[in-house]
1. Out of all the residues in the stretch 250-259, is one or more under 30 Å from Ile108 (Cβ atoms), crowded, with 16+ Cβ neighbours inside 10 Å, in contact with a Phe, Trp or Tyr (Cβ under 7 Å, 6 or more places away or on another chain) and touching a residue at least 12 places away in the same chain (Cβ under 8 Å)?
2. Taking the stretch 123-152 on its own, how many of its residues are of a type in the set (S, T, N, Q) and either on the phi > 0 side of the Ramachandran plot or modelled with pLDDT under 95 (or both)?
3. Of everything in the stretch 28-45, what is surrounded by fewer than 16 Cβ atoms within 10 Å (Cβ to Cβ) and touching a residue at least 24 places away in the same chain (Cβ under 8 Å)? Give them in sequence order.
4. Anything in the stretch 248-269 that is within 11 Å of Thr221 (Cα to Cα) and of a type in the set (A, V, I, L, M, F, W, C)? List them, or say none.
5. Take the residues of the stretch 181-203 that are assigned to a helix (DSSP H, G or I) and polar (S, T, N, Q): which is nearest to Val274 (Cα to Cα)?
6. Residue pairs, Cβ under 7 Å, 6 or more apart or interchain, first in the stretch 71-93 and farther than 18 Å from Ala129 by Cβ and in the same structural domain as His42 (by TED's automatic domain parsing), second at pLDDT 90 or above and part of a helix (DSSP H, G or I). List them.
7. Taking the stretch 180-216 as the search range and keeping residues that are of a type in the set (Gly, Ala, Ser) and without any contact (Cβ under 8 Å) to a residue 60 or more places away in the chain, which one is surrounded by the fewest Cβ atoms within 10 Å (Cβ to Cβ)?
8. Mind telling me which of the residues Glu149, Glu142 ends up being farther than 24 Å from Glu85 by Cα, assigned to a loop (DSSP other than H, G, I, E, B) and among the charged types (D, E, K, R)?
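The values are calculated or read from the model by the stated rules, or taken from the named source; none is laboratory data. Please read all numbers here as calculations on a predicted model, not as lab measurements. Virtual Cβ from ideal backbone geometry, glycine too; neighbours counted across all protein chains shown.
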Amino acid sequence: MTRRKQPKPVHQLTVKQFEAMFPDEDACRAYLKARRWPNGVHCPRCGNPHVYELHTRPWHWQCTQCAPGGSTGYRFSILTGTVFENTNKPLRDWFHVTHLLLTAKKGISARQLWRYMGFGSLKTAWYMAHRIRAALSDHPVEKLGGIVEVDETYIGGKWYNKHKDKRGGGSGGLGSGKSAVIGAISRKGNVVLRVIDNTDTRTLDSFVRETVCTKVSLLATDNHSGYRLLKDKYPHGVICHEEGQHVIGAVHTNTIEGFWSILKRGVVGTYHKVSRKYLPLYVAEFQFRYNNRMNADIFGAAVARC
């Protein structure tokens, strides 16, 4: 029996490297400038690249093209239009929180951030983490190709509606107060997630057609009736868990189920409780972290989105 070759681990930014890269605020501002404007500073309002730096105010620029009067100009800073704008926390603290979110495979709670960073308020840690998650979610993902697995899962719900082996019984579906999340994952590739209101045919079918390329070599799902219309455009393989099927040749949903395990362990073990209102932000965090798992510069990719 040949053992499957494991990919080499990708070494992310360590604490020691972080401290060396960002010793002060100016180092953080210079890094943000390089990530935000790799081709040179341009106006965040109109996109004008012909702006000039205000030497009396470091890290500030002026654009005369989009100013209301046309003569005084529109002034903006390195933070204008980012999630770091209009906050009283140093940019270095924002970078530190971002780094902690990205290096924790199953996430890090606001309470843990609060203790670790020494913030005066728990709400500060919660607010900063949510703004970073919102930035990570605001980015489209290309359609998936190759062998793709699609599945849905349920997050949250009341304690008395958990599964029987946990507490109180209950089916674990939408009727139990849980929120549905659907995901499509390309084997050895990316994952696309979305919080959905229901798991009817229209919702599941439209998600697949929106996120999965029709030229995939295989689309693997379980036998949920919501996927029954996919065979007209996809090479659709179905696995029936109710009949004890788990793997039939290349047809299985083990990859997406492995991702659900990471997500649920994060929700249950790290966050303990996630409301329906903010679930899309947590889902976006896990999606970004998974899709950049082989990216040694995941921190830079995150800062560029902020």
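1. yes
2. 1
3. Lys33, Arg45
4. Matches in the stretch 248-269: Val251, Ile256.
5. Looking at residues that are assigned to a helix (DSSP H, G or I) and polar (S, T, N, Q), I get Thr203.
6. As it stands, the answer is Ile78/Arg29; Ile78/Leu32; Ile78/Lys33, since those pairs meet every condition given.
7. Going through the qualifying residues, I end up with Ser206.
8. Every option except Glu142 fails the conditions.
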